[in-house]
Amino acid sequence: MDAHFARGMLPVVKYVLDNGLTLLVRPTKTIPKVAIQLWYAVGSRHEQPGKTGLAHLLEHMTFKGTDILSETDIAVVTSKLSGSTNAFTSRDYTGYMFEFPTQHWQVSLPLLAECMRDCTFKPDLLNSELRAVIQELKLYRDDYGATLLDELVQKIFKGHPYEHPIIGYKQDLWQATSADLHDFYRKYYTPNNAVLVVVGDVEPEQLRVLATEYLGPLERAPLAIPPIPAWHPPAGVTVTLHRDVQQPSCLVCFVVPGGKARLDYQVDVLSWMLGAGKGSLLYRTLVDEEDLVLDVDAYVYDLFEHSLLCIEVEPKQVADIDRIIARTHELIAQFCQLPIAEIALQRARKQTETDTLSALESLEKQAYMIGKYYLCTGSENYLFTYLEHDNNTLREDLAKLCTYLDATKAHLGKLLPFEAGHADTWIREQEQADADDERLLAKRLRHTALEPAQFAQQVAAQPPTPFQYPQHRVVALPNGLRVLFHHNPQVPRIEVILELKAQFFYDPPELPGLHAFMSVLLSEGTQRLNGVELAAEIESYGMTLASAAGYVAMSMLTPDFAKGLTILQEVLTTSTFAPEAVEKVREYLLASIRAHWDEPFEFVDDLVHKAIYEGHPYGQSRLGTLESIQKITREQLIECYRAHVTPAAARLCIVGDLSDNYLESLAVLNNWQGPAVPDKQFPPLKPVVAREIVYPMNRDQTVLCFAGRSVPRTHPDYDKLLVFDQVLSGSLLGSMNSRLFTLREETGLFYAIGGSVIANADRQPGMILIKTMTSREHVAQAESMIKKLLATVIDTITEDEFVTARDGIINSLVNNFETNRQMALAFLILDRFNLPPDYFYRRLDDFYRITLDEVKVAAHKLMDGNPLVVVKIGRK
């Protein structure tokens, strides 16, 4: 695979300490940041019946205190040093993640060493965290797509260790004790069962020396990994969920070899050929030719021992589901019987290559893939040989994989709307479950206050590592298009983002969603190619093309840059809006809107925008409504295209591994012509009226949202409010030491809470937006506590909190330059607001000049007397 990478990309360096701990390090000098991940070869499959959920519960508790660390130390240290932290549990593994600026990454090692040997699992803290885990369980149950897949997995793997849900069974969680956690911890959290992965601005020898110092003294322990019992996939399993949804969906799953078989690449290629992307077999047939479904996707639920190849479809009619499933099996059978077409194979290979290279732009994703593949295969460089397969061998492997795709081996999941009487039954079951939860949680109360940080007091932040912020160049084309570009040779990919002047706020008041509708049609056919042919050509090069109101984004491999711009020019100038394409997209958008309104945590934003921006273009739905999408005509779409898809006042940003003659390729865009777009005249904003909006919906949890009017991006207080925002919500770094997250830790009322006081700030004012989800019986308590926090937080901000928030923002500036896409978006913002080329250097000085008193004054001006809208979505 090395031939696919840009100059200077090095393979992984491996060390093994005397105690068995494996170190994997990959120096990547893109930005001064380091991703550190400690992986354990233990997941939910290692649990015993009656003790399920321990791996996941242990993940929650590992950072909750040791003999030296208090329960808040890791969150405070991470925040103080401008880092971020998280953790994850799967059926096969558990991992702990840190990201720190270069000058601070070393502190992760003593923290991880403490957590590997001396966790305390205090009963009081366990009781508190159990509340959060139960909220997480309810959160997952409200994600119906994930619930459907998880119930399928449990039934498919009956009799296999994979059968237990990762989060565990509720009855087991109620019985979990500190002693249970200690037993599991001592058994599996040993250095000889762990892998430390470090990717970023670090030297291998430096890691080896430091890891030897901090982690080397940990004692190895004998491992007794339970054997995997003999298991054979059952005959077709079916799971049907009836829920309060408007858009049905179904899953067809096949058990295929797991990661240990080293066929991940082949399974990925197979998924692209069958159902991933518009050029896939199932999409072309079921969507474009036979008009049976609205959308098709294929993906791999990857596990070490056995994986699932999943085909997901959104039927137009519930009555057609059985027919769709039968037709899916017919098409897969035909695919397996016929020789594989070379063009289809190369499309799938290119798309898999693009996906892999895209992931390698991110330090966190890169570390994750290295760690997962190493635990599974034992090869530290598996990721970097991932694409090395010749066509002959690949064809043979695909033929073998086809033997797993027989219809008799398929498993089926259906997510359907409630039938008559089902809703009442579901509600009664949920109410009983809520009552049981409260009764049992009453026995697991926490009686102690949140422990203050101790170790964190010994840690001091260091100045940021010097960084030369990348700068872009600008070329103005004769047609008025401004082209921003920057050469980044790290990965042989290029990101292209076009920003048009006319965006969603140009929608007529009576036709919200017009620009969204038009933008989707850009990829549905040109004068040269119809929609099917255009998708096939784009995907055959491994390109992606996505569009939204006012934006078109493309990605491509470096050798295909000129071809990519040619396709972009074709889409911008010769889209045909064929009547059949218009109706196809109309049906797709209607289904998307129905699906959107099935997700309360998503559509709460629509309710909030309507309330905060009443009578203003920002208050309209960007997707549109069922009524408006039905009304929009082909003629209106074409008129919108001709008037608003124009180079006048548009910006095109190009970032990536640009070849020497990349400027010559821009000439093709000179053929794009169009009229000037008039400036948008926004109406005056109406005063926000404080009120409560209740939206009844059958869900396990209630969405609780607080919203108000904020300031525009150009407001003189914006940076001061950004500091306040970091204290309140930790939004830039996902801080677990923010005031909102601390409220979560103190109460256990919600699994996650977040938001911003400057959400979506642009030339028009942004919003105060705080969102969470909690159990129905806790809504009043959660609302009261959040309101109290918002009323008191400003005057209680300490100097330490202020400095931590300010430093976090300063250190996060480099994150704008980690990936091609992040860079492109950063350059577009600079150009949109006419900011100077040295803007990011100036930002450091700007933030160092801000004082705590100035932050408090700005926050009071925003928050005091600012009427808030409270939205609640859930069961009455």
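The values are calculated or read from the model by the stated rules, or taken from the named source; none is laboratory data. If you're wondering where the values come from, they're calculated on a predicted model, not measured in any experiment. Cβ atoms come from the backbone with ideal geometry, glycine included; neighbour counts cover every protein chain shown. Only protein heavy atoms, including side chains, enter the accessible area calculation; ligands, DNA and RNA are left aside. Shrake-Rupley method; radii C 1.70, N 1.55, O 1.52, S 1.80 Å.
Structure values in brief
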| read-out | value |
| --- | --- |
| Residue in the stretch 519-541 that is within 25 Å of Asn670 (Cβ to Cβ), in a strand (DSSP E or B) and without any contact (Cβ under 8 Å) to a residue 24 or more places away in the chain present | no |
| Scan of the stretch 830-856 for residues that are open to solvent by 70 Å² or more (accessible area, probe 1.4 Å) and free of Cβ contacts under 8 Å to residues at least 40 places away in the same chain, ordered by number | Asn834, Arg842, Asp845, Arg849, Asp853 |
| Residues of the stretch 56-81 satisfying the condition of being open to solvent by 10 Å² or more (accessible area, probe 1.4 Å), among the hydroxyl-bearing types (Ser, Thr, Tyr) and either on the phi > 0 side of the Ramachandran plot or under 25 Å from the mean Cα position of the chain (by Cα) (or both) | Ser79 |
| Qualifying residue in the stretch 441-455 (condition: within 30 Å of Gly874 (Cα to Cα), outside any loop (DSSP other than H, G, I, E, B) and more than 30 Å from the chain's Cα centre (by Cα)) | yes |
| Lone qualifier among Ala548, Ala578 - being of a type in the set (Gly, Ala, Ser), open to solvent by 30 Å² or more (accessible area, probe 1.4 Å) and modelled with pLDDT of 95 or more | Ala548 |
| Odd one out for Ile753, checked against (1) within 25 Å of Asn698 (Cα to Cα); (2) in contact (Cβ under 8 Å) with a residue 40 or more places away in the chain | (2) |
| Residues within the stretch 316-327 that are out of contact with any Pro (no Cβ under 6 Å at 6 or more places or on another chain) and either charged (D, E, K, R) or crowded, with 18+ Cβ neighbours inside 10 Å (or both), tallied | 6 |
| Residue tally, condition among the polar types (S, T, N, Q) and under 27 Å from the mean Cα position of the chain (by Cα), over the stretch 150-193 | 1 |
| Selection status of Glu361, of a type in the set (Asp, Glu) and more than 30 Å from Asn811 (Cα to Cα) | no |
| All positions within the stretch 696-709 that are within 12 Å of Val608 (Cα to Cα) and surrounded by fewer than 19 Cβ atoms within 10 Å (Cβ to Cβ) | none |
| Subset of the stretch 2-20 [modelled with pLDDT under 90 and buried (at least 17 other Cβ atoms within 10 Å of the Cβ)] | His4, Phe5, Met9 |
| Selected residue (only one of Glu312, Glu353, Glu361, Glu330 is charged (D, E, K, R), in contact with a strand residue (DSSP E or B) (Cβ under 6 Å, 6 or more places away or on another chain) and open to solvent by 10 Å² or more (accessible area, probe 1.4 Å)) | Glu312 |
| Selection count where residues are open to solvent by 70 Å² or more (accessible area, probe 1.4 Å), within 16 Å of Val870 (Cα to Cα) and in contact with a strand residue (DSSP E or B) (Cβ under 9 Å, 6 or more places away or on another chain), scope the stretch 754-800 | 3 |
| From Leu38, Leu23, residue being within 16 Å of Gln106 (Cβ to Cβ), in contact with a Lys or Arg (Cβ under 9 Å, 6 or more places away or on another chain) and open to solvent by less than 10 Å² (accessible area, probe 1.4 Å) | Leu23 |
| Residue within the stretch 8-29 that is over 29 Å from Thr558 (Cα atoms) and among the basic types (Lys, Arg) present | yes |
| Listing of helices (runs of 4 or more DSSP H) fully contained in the stretch 102-202 that carry 3 or more residues being open to solvent by 30 Å² or more (accessible area, probe 1.4 Å) and under 30 Å from Ser307 (Cβ atoms) | 123-141, 144-156 |
| Test: residue in the stretch 382-404 that is under 28 Å from Thr558 (Cα atoms), of a type in the set (S, T, N, Q), out of contact with any strand residue (DSSP E or B) (no Cβ under 6 Å at 6 or more places or on another chain) and free of Cβ contacts under 8 Å to residues at least 12 places away in the same chain | yes |
| Matching residues, the stretch 226-262, being open to solvent by less than 40 Å² (accessible area, probe 1.4 Å), under 25 Å from Tyr386 (Cβ atoms) and not in a helix (DSSP H, G or I) | Cys253, Phe254, Val255, Val256, Pro257, Gly258 |
| Tally of residues being among the β-branched types (Val, Ile, Thr) and touching a Ser or Thr at 6+ places or on another chain (Cβ under 6 Å) across the stretch 326-371 | 0 |
| Selection within the stretch 233-243 - at pLDDT 90 or above, farther than 16 Å from Cys310 by Cβ and either out of contact with any Phe, Trp or Tyr (no Cβ under 6 Å at 6 or more places or on another chain) or among the hydrophobic types (A, V, I, L, M, F, W, C) (or both) | Pro234, Thr240 |
| Pick from the stretch 472-495, criterion in a strand (DSSP E or B) and in contact with a Gly (Cβ under 7 Å, 6 or more places away or on another chain), ranking: surrounded by the most Cβ atoms within 10 Å (Cβ to Cβ) | Ile494 |
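For every residue, the table says whether it meets (1) open to solvent by 30 Å² or more (accessible area, probe 1.4 Å); (2) in contact with an Asp or Glu (Cβ under 6 Å, 6 or more places away or on another chain); (3) modelled with pLDDT of 90 or more.
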{"residue": "Lys372", "(1), (2), (3)": "yes, no, yes"}
{"residue": "Gly378", "(1), (2), (3)": "yes, no, yes"}
{"residue": "Tyr382", "(1), (2), (3)": "no, no, yes"}
{"residue": "Tyr386", "(1), (2), (3)": "no, no, yes"}
{"residue": "Leu401", "(1), (2), (3)": "no, no, yes"}
{"residue": "Leu415", "(1), (2), (3)": "no, no, yes"}
{"residue": "Thr425", "(1), (2), (3)": "yes, no, no"}
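Each row is one residue, and each column tells you yes or no for (1) in contact with a helix residue (DSSP H, G or I) (Cβ under 7 Å, 6 or more places away or on another chain); (2) more than 30 Å from Ile427 (Cα to Cα).
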{"position": "Ile654", "(1), (2)": "no, yes"}
{"position": "Ser665", "(1), (2)": "yes, yes"}
{"position": "Asn670", "(1), (2)": "no, yes"}
{"position": "Val677", "(1), (2)": "yes, yes"}
{"position": "Arg691", "(1), (2)": "no, no"}
{"position": "Arg709", "(1), (2)": "yes, yes"}
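Rundown of residues vs (1) farther than 18 Å from Met767 by Cβ; (2) free of Cβ contacts under 8 Å to residues at least 60 places away in the same chain; (3) of a type outside the set (Phe, Trp, Tyr), yes/no style:
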| site | (1), (2), (3) |
| --- | --- |
| Thr558 | yes, no, yes |
| Val571 | yes, yes, yes |
| Phe577 | yes, no, no |
| Trp597 | yes, no, no |
| Glu627 | yes, yes, yes |
